[in-house]
Amino acid sequence: MSSTANPISLVGLDHVVFLVDDMKAALAFYQGVLGCQPGYVYPDLGMEQLWCGSALIVLWDTTNPGAHDAIPPVVGGRNVDHVCIACGPLDHNTVRKHLVHHGVQIEREAFHGGARGMGHSFYISDPFGNKIEIKGPPVYPDGRRQAQSQNPTGLVLEDIDLRSS
């Protein structure tokens, strides 16, 4: 491992690009169901960007002549497993009702870790088969609650370099 500092300072998800073939349906889902706000539009490319909190979801319409570079080399091939959208506090029953109201099936619910910690997630798909994870705020940072109860010194375990010298 190199001893030089990494010049890349990660902050969080900036944007994700989804290839779609029906911009009207895509906008209805991302704006109407998820509540994304309009962002930048590039009509010559067939691209619309939507604000999702402080990040962007980019919709690129492969039926637009300007999207020739966006068409995947394998028809129907996947290039993304899922995208996790960090959310504020969620009332789980209200979210379930909202998704049902919009005809969106919950594929699964889970409680697991992510960039912000352990929290509840809903997995859904957009109209184009892209898997979306909607993740609420952390209940507690990853493993920290257990670590602190087993760590009477109060050391934050993340501050300890466990790599061998």
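Quick notes on this structure:
- Residue within segment 34-43 that is under 22 Å from S121 (Cβ atoms) and open to solvent by less than 30 Å² (accessible area, probe 1.4 Å) present: yes
- For segment 48-66, the criterion of a residue being in contact (Cβ under 8 Å) with a residue 60 or more places away in the chain, open to solvent by less than 30 Å² (accessible area, probe 1.4 Å) and on the phi < 0 side of the Ramachandran plot is satisfied by no position.
- Residue within segment 113-122 that is more than 19 Å from F29 (Cβ to Cβ) and open to solvent by 50 Å² or more (accessible area, probe 1.4 Å) present: yes
- Number of residues in segment 88-109 that are open to solvent by 70 Å² or more (accessible area, probe 1.4 Å) and of a type in the set (A, V, I, L, M) equals 1.
- Counting only residues that are open to solvent by 50 Å² or more (accessible area, probe 1.4 Å) and within 17 Å of C84 (Cα to Cα), segment 20-33 holds 1 of them.
- Every residue from segment 126-141 that is within 16 Å of the chain's Cα centre (by Cα), open to solvent by 30 Å² or more (accessible area, probe 1.4 Å) and free of Cβ contacts under 8 Å to residues at least 60 places away in the same chain: G129, K131, P137, P138
- Note on segment 51-100: residues that are of a type in the set (K, R) and modelled with pLDDT of 90 or more amount to 2.
The values are calculated or read from the model by the stated rules, or taken from the named source; none is laboratory data. What you are looking at is a predicted structure, and each value in this text was computed from that prediction instead of being measured. No Cβ is skipped: glycine too gets one built from the backbone with ideal geometry, and neighbour counts run over all protein chains shown. Note: accessible area is taken over every heavy atom of the protein model, side chains too, but ligands, DNA and RNA are not part of it. Shrake-Rupley method; radii C 1.70, N 1.55, O 1.52, S 1.80 Å.
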